[in-house]
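Only one structure is covered here, and it is reproduced in the block below.
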Amino acid sequence: MHRMPSIAVALILLASSLCAAEPAPKFETHVRLILKTHCFHCHGEEDEVAGGLDVRLARFMKTGGDSGAAIVAGNPEDSLLFQRVRDGEMPPDEGKQLSEEELNVLREWIAHGAETVRPEPESIDPNAMLITEEERSHWAYQPVNRPSPPTVQHSEMVANPIDSFLMSRLESEGFTFSPRAASEDLIRRLYLDLHGLPPTPEQVAAFVADSSPEAWAKQVNELLESPRYGERWARHWLDTAGYADSEGYNDVDSERPHAWRYRDYVIRSFNADKPFDQFIREQLAGDEMVTSPRNNLSEKDVELLVATGFLRMAPDGTGGATPDAKVARNDTIADTIAIVSSSLMGMTVACAQCHDHRYDPISHEDYYQFRAIFEPAFDWQKWRNPAQRRISLYTDADRAEAAKVEAEAKVLDAARSKKQAEFIDATFEKQLAKLPSEIHAAARAAHKVAAKDRTAEQKALFKKNPSLNVTAGSLYLYDRKAADELAKMAAAAKKLRATKPKQEFVRALTEVNGRVPVSHLFHRGDHEQPKQELLPAGLTVVSQTAELPEIPANVEQMPTTGRRLALADRLTNPQHPLTSRALVNRVWLHHFGRGLVTTPADFGMLGQKPEHPELLDWLAAEFMDSGWSLKHLHRLILTSNAWQQQLRDNSELATADPDNQWYGGARLLRLDAEVVRDSMLAMCGKLNDRAFGPPVPVMADRVGRFVIGKENLNAGRPGPELDLKGEEFRRSIYIQVRRSRPLSVLESFDQPVMSPNCDLRRPSTTSTQSLMMMNSDLLLEYSRYLAERLEGEAGSDMAAQVQLAWQLVYTRMPEPSEQQSALQFLKDQQAHFAAMPAYQPNEKKPPKYTAAQEASALMCQMLLSSNEFLYVD
């Protein structure tokens with residue numbers, strides 16, 4: 001569930017605005033949030049309010065409850081409500097009492113007359129949450145308008161409207177953009193941003209040499225059209241979707257053998273620049289758009305079903321034994337709702353699962369009405385576990401081919417069975433001939449009877465003469481040649497069966513036609529306490545601020561309920577205030593390292609307000625007007641002068657804007673975990689660029705770290721004994737995401753744990769990262785690969801090796817001082833290693849690496865461990 005910051009923090013911010021704008025707190029803008037957080041639960045939300053006191057309106061408190069008036073306007077010390085919260089008697093739960101800041105706000109409000117901004121309603125609908133005008137007017141619920149870009153003084157620094165909005169703010173503070181970054185820095189930044197891989201020295205040289213005005217736009221387009229783009233940017237969406245190749249939920253963490261199809265779908269969608277509104281529709285309701293029969297799916301319909309894997313990414317512990325299966329089912333649904341609402345709406349809807357949202361106008365009923373949209377597909381009371389939800393991709397043609405192959409294989413089976421019987425009978429007769437003739441007739445009769453059906457006398461006969469027990473399992477003991485012939489015949493049948501079309505499956509979310517479960521509100525989130533029936537609906541506050549289509553309970557002309565398709569239509573409606581803003585904010589975040597809204601999954605009351613609200617709205621409108629084209633959005637951002645600035649080095653600007661909220665220069669960013677690993681593979685010349693397909697497995701090594709590898713179950717102990725045939729060098733997006741087995745090298749650099757998803761990566765700087773870069777076997781291995789590449793391309797010329805190393809790792813030539821220091825380092829280290837016995841010439845057992853090679857590998861490890869590699873400017 002979403003973790004809320006302290007209400008005291010919010011109130012400090014409120015108080016600061018209060019001092020500048022209002023002489024005293026007002027109920028709607030300051031006090032109600034405190035009461036909603038601490039008191040509504042008992043004094044307003046329940047059918048029967050505690051003590052007869054409803055605190056949702058100021059006049060209710062003035063009237064009071066069973067103990068009389070709760071507040072006395074102008075006199076907080078005589079106000080019963082203030083006395084009880086001041087003395088810590090209310091709220092009764094320890095640790096939930098009001099903070100000093102909150103008490104001060106409440107005291108000041110009462111002391112100044114307990115006023116309201118406007119007349120309050122005469123009554124409150126007992127079946128609906130009261131949403132105030134202040135809540136409705138929150139910026140995130142307002143329609144997306146397309147503001148006109150402002151006029152600026154430094155128009156020569158404006159490449160597109162993005163620059164106009166940002167420059168306008170900078171100019172108002174007396175600043176302008178920083179200069180454009182150096183070409184080598186800029187091309188590295190672009191490649192790492194769009195591809196997650198560094199440019200090659202040849203690519204850097206070509207860009208630096210191109211002085212044409214369209215060089216930059218051409219470079220951006222070239223990278224956007226590369227398949228590497230989808231592999232990089234799909235990772236961002238997979239974070240928000242909570243993608244994993246295992247079920248999670250408990251320690252079993254069983255694998256999801258077919259989840260990778262969703263990952264591939266996302267990559268292909270990004271590369272094709274699939275309109276994002278279509279991308280949303282397919283993920284939420286692809287199954288409701290399928291037109292071909294389930295047993296003969298078209299290629300397009302397979303893609304639609306794969307897309308619904310978005311709704312199957314949440315942890316799911318229902319595939320095996322769980323302490324409480326019903327709890328596990330509802331946890332999966334709750335996590336799915338959290339993923340959908342945080343990724344597509346930027347809202348913490350999950351906080352209303354057990355009660356009205358404490359900060360945002362999202363009611364307990366809202367949550368379960370939203371859940372009702374998904375209820376027919378999940379159906380917690382008629383639950384289908386992961387195996388039962390699989391959809392076969394077999395077609396009629398596949399089934400026909402499989403039947404044909406099976407018929408041919410059965411012919412081979414029959415021939416083998418006949419031959420086996422002949423061999424057994426012949427061997428039996430040979431063994432019988434060695435025994436007294438008087439038992440031959442009885443033995444032959446018993447031999448014709450299955451062992452389990454023999455009489456007691458027949459069993460005794462074979463027990464006395466065990467050599468007569470000639471069976472299919474024991475034939476090899478008597479006639480190895482016959483057994484080998486039968487084995488060859490069995491292998492031929494097995495080989496033939498292997499030619500059958502392989503049956504593949506899709507991990508999808510679907511509804512059961514004809515079954516529409518009734519949805520209930522769960523009192524305090526407890527499925528054992530169902531209350532009133534509820535129909536599907538979107539968030540009430542959004543419906544009050546935007547004209548949006550309602551979500552029907554059932555669409556008669558569809559075989560499914562159509563609820564999720566209606567939700568997709570609602571979310572992608574241009575009038576919806578959240579979706580487009582949430583999406584462009586995430587794109588901005590990944591390009592600049594900071595969102596225009598710094599809380600990408602929380603656009604609510606406790607989320608951060610947009611730093612540049614007009615720019616956010618302009619981008620949201622432009623995104624929708626472009627046909628929801630992600631690549632169009634990339635081009636706008638990347639061709640802006642704002643994105644191309646060098647690192648900010650203006651001390652006055654840094655003092656005035658310490659968090660770089662005005663975008664007066666580039667922000668120093670650390671590489672994501674996957675980019676660290678993939679970049680090293682590219683530099684080493686080892687990167688395997690094979691795309692798509694099942695994930696590369698992860699296993700535990702001998703010391704318990706999780707590494708790329710496949711367990712050899714016959715090896716006696718875990719270890720990388722099985723050859724992966726180059727698969728270990730594939731991009732990180734194709735490495736198995738096992739919730740209980742985070743790949744050590746990626747975990748060190750903050751690869752997120754999907755529980756249930758990741759709304760924002762939070763890069764850290766820790767000692768374990770440095771230790772890993774110094775001591776990891778993986779880093780030592782990559783360093784040797786890089787050294788081998790240097791030797792292979794630059795020969796034994798150490799100066800040339802140093803220059804190539806700097807170009808590969810830093811995308812620049814070394815400075816003269818760096819060149820000199822590196823050469824001296826190599827010389828010293830080579831002498832050090834050469835003096836060691838292990839590196840002395842030995843004809844019987846020559847050293848695996850020469851002293852020069854070891855020195856080069858050590859230099860490469862230093863470069864890969866450096867900040868200049870790990871950070872991008």
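Things worth noting here:
- Residue pairs meeting the criteria (Cβ under 7 Å; at least 6 apart or on separate chains; first surrounded by 14 or more Cβ atoms within 10 Å (Cβ to Cβ), in segment 697-721; second modelled with pLDDT under 80 and acidic (Asp, Glu)): 699/711; 712/721; 718/711
- Comparison of 73, 58 shows that the only residue that is among the aliphatic types (A, V, I, L, M), in contact with a Gly (Cβ under 8 Å, 6 or more places away or on another chain) and in contact (Cβ under 8 Å) with a residue 40 or more places away in the chain is 73.
- Among the criteria (1) buried (at least 21 other Cβ atoms within 10 Å of the Cβ); (2) touching a strand residue (DSSP E or B) at 6+ places or on another chain (Cβ under 6 Å), the one residue 253 does not fulfil is (1).
- Note on segment 55-110: among residues that are of a type in the set (Gly, Ala, Ser) and buried (at least 20 other Cβ atoms within 10 Å of the Cβ), the one that is nearest to residue 33 (Cα to Cα) is 58.
- Against the numbered list (1) touching a residue at least 60 places away in the same chain (Cβ under 8 Å); (2) in contact with a Lys or Arg (Cβ under 7 Å, 6 or more places away or on another chain); (3) of a type outside the set (Phe, Trp, Tyr), residue 235 comes up short only at (2).
- Of all residues in segment 497-519, one or more are over 30 Å from residue 42 (Cβ atoms), assigned to a helix (DSSP H, G or I) and not assigned by TED's automatic domain parsing to the domain that holds residue 564.
- Of all residues in segment 363-386, those that are at pLDDT below 95 and within 9 Å of residue 537 (Cα to Cα) total 0.
- Test: residue in segment 151-170 that is touching a Lys or Arg at 6+ places or on another chain (Cβ under 6 Å) and either touching a residue at least 60 places away in the same chain (Cβ under 8 Å) or buried (at least 16 other Cβ atoms within 10 Å of the Cβ) (or both): no
- Residue tally, condition of a type in the set (Val, Ile, Thr) and either assigned to a helix (DSSP H, G or I) or out of contact with any helix residue (DSSP H, G or I) (no Cβ under 9 Å at 6 or more places or on another chain) (or both), over segment 95-138: 2
- Cβ-Cβ under 8 Å pairs, at least 6 apart or on other chains, segment 251-263 side within 12 Å of residue 387 (Cα to Cα), far side of a type in the set (Phe, Trp, Tyr): 257/505; 258/505
- The residues listed here are 823, 786; of these, the one that is in contact (Cβ under 8 Å) with a residue 60 or more places away in the chain and either assigned to a helix (DSSP H, G or I) or surrounded by 18 or more Cβ atoms within 10 Å (Cβ to Cβ) (or both) is 786.
Residue-wise test of (1) surrounded by 22 or more Cβ atoms within 10 Å (Cβ to Cβ); (2) assigned to a helix (DSSP H, G or I).
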{"position": "591", "(1), (2)": "no, yes"}
{"position": "604", "(1), (2)": "yes, no"}
{"position": "617", "(1), (2)": "yes, yes"}
{"position": "631", "(1), (2)": "no, yes"}
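- All positions within segment 68-80 that are farther than 19 Å from residue 102 by Cβ and either at pLDDT below 90 or part of a helix (DSSP H, G or I) (or both): 78
- Selection count, segment 486-524, where residues are without any contact (Cβ under 8 Å) to a residue 60 or more places away in the chain and within 20 Å of residue 330 (Cβ to Cβ): 2
- Residue match in segment 751-769 (condition: free of Cβ contacts under 8 Å to residues at least 24 places away in the same chain, within 17 Å of the chain's Cα centre (by Cα) and part of a loop (DSSP other than H, G, I, E, B)): yes
- Test for residue 45: is it acidic (Asp, Glu), surrounded by fewer than 18 Cβ atoms within 10 Å (Cβ to Cβ) and under 24 Å from residue 127 (Cβ atoms): yes
- Sole residue being surrounded by 15 or more Cβ atoms within 10 Å (Cβ to Cβ) and farther than 27 Å from residue 328 by Cα, chosen from 398, 356, 379, 425: 398
- There is at least one residue in segment 141-159 that is within 17 Å of residue 29 (Cα to Cα) and touching a Pro at 6+ places or on another chain (Cβ under 7 Å).
- Flag if residue 205 is in a helix (DSSP H, G or I), out of contact with any Cys (no Cβ under 7 Å at 6 or more places or on another chain) and either without any contact (Cβ under 8 Å) to a residue 12 or more places away in the chain or not charged (D, E, K, R) (or both): yes
- Any hit, segment 796-805, residues being surrounded by fewer than 18 Cβ atoms within 10 Å (Cβ to Cβ), outside the structural domain of residue 677 (by TED's automatic domain parsing) and either polar (S, T, N, Q) or outside any helix (DSSP H, G or I) (or both): yes
- Checking 482, 460, 492 one by one, the residue that is surrounded by 12 or more Cβ atoms within 10 Å (Cβ to Cβ) and either out of contact with any Leu (no Cβ under 8 Å at 6 or more places or on another chain) or not in a helix (DSSP H, G or I) (or both) is 460 and no other.
- When residue 847 is tested against (1) over 44 Å from the mean Cα position of the chain (by Cα); (2) closer than 30 Å to residue 871 by Cβ; (3) not small (Gly, Ala, Ser), just one condition goes unmet, and that condition is (2).
- Residues (in contact (Cβ under 8 Å) with a residue 60 or more places away in the chain and assigned to a loop (DSSP other than H, G, I, E, B)) located in segment 529-552: 535, 536, 537, 538, 539, 546, 551
- Every condition in (1) surrounded by fewer than 20 Cβ atoms within 10 Å (Cβ to Cβ); (2) polar (S, T, N, Q); (3) not assigned by TED's automatic domain parsing to the domain that holds residue 364 holds for residue 557 except the one numbered (3).
Table: residues versus (1) among the aromatic types (Phe, Trp, Tyr); (2) under 20 Å from residue 202 (Cα atoms); (3) out of contact with any strand residue (DSSP E or B) (no Cβ under 7 Å at 6 or more places or on another chain); (4) at pLDDT 95 or above.
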{"site": "807", "(1), (2), (3), (4)": "no, yes, yes, yes"}
{"site": "812", "(1), (2), (3), (4)": "no, yes, yes, yes"}
{"site": "848", "(1), (2), (3), (4)": "no, no, yes, no"}
{"site": "856", "(1), (2), (3), (4)": "no, no, yes, yes"}
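- The one condition from (1) basic (Lys, Arg); (2) in a helix (DSSP H, G or I); (3) farther than 30 Å from residue 320 by Cα that residue 434 does not meet is (2).
The values are calculated or read from the model by the stated rules, or taken from the named source; none is laboratory data. Bear in mind the structure is a predicted one, so any value in this text is a computation, not a measurement. Neighbour counts are summed over all protein chains in view; Cβ atoms, including those assigned to glycine, are modelled from backbone coordinates with ideal geometry.
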